[in-house]
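Please read the structure below before turning to the comments.
The values are calculated or read from the model by the stated rules, or taken from the named source; none is laboratory data. Note that this is a predicted model, so its numbers are computed, not measured. Positions of Cβ are backbone-derived with ideal geometry, glycine not excepted, and every protein chain shown enters the neighbour counts.
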Amino acid sequence: MKIKPIGDKILLKVIEPDKKTKGGILLPENVGKENVSRGKILAVGSGAVTKSGRIVPFEVAIGDIVLFNGRYTGDEFIIDGETQKVLTVKEIIAIEE
């Protein structure tokens, strides 16, 4: 299924945190779920619209790996067996370089 966000919305694939530490210790399922999460941008809308009607382009692009604030940010969907989220650009904290 192909999803195209509209307006100031962004679709991203959630990158699940590692389930094992570098030392080999297995972590419980809920560790790290409340903190900052990572995702790869799959699609972007047309941009935010100002009060004057001007469209403000996004600072992020398709393929960027971004950080966003926890699991309660945005709306979560399971699409083709993958966890994906739709959120606004304001909910994104940073871009990984």
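Odds and ends about this structure:
Matching residues to (1) farther than 17 Å from residue 16 by Cβ; (2) free of Cβ contacts under 8 Å to residues at least 24 places away in the same chain; (3) among the charged types (D, E, K, R):
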position	(1), (2), (3)
48	yes, no, no
51	yes, yes, yes
58	yes, no, no
62	yes, yes, no
67	no, no, no
79	no, no, no
83	no, no, no
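- Residue within the stretch 68-89 that is surrounded by 12 or more Cβ atoms within 10 Å (Cβ to Cβ), of a type in the set (Val, Ile, Thr), assigned to a strand (DSSP E or B) and modelled with pLDDT under 90 present: yes
- Residue count, the stretch 18-58 (criterion: surrounded by 10 or more Cβ atoms within 10 Å (Cβ to Cβ), modelled with pLDDT of 90 or more and among the charged types (D, E, K, R)): 1
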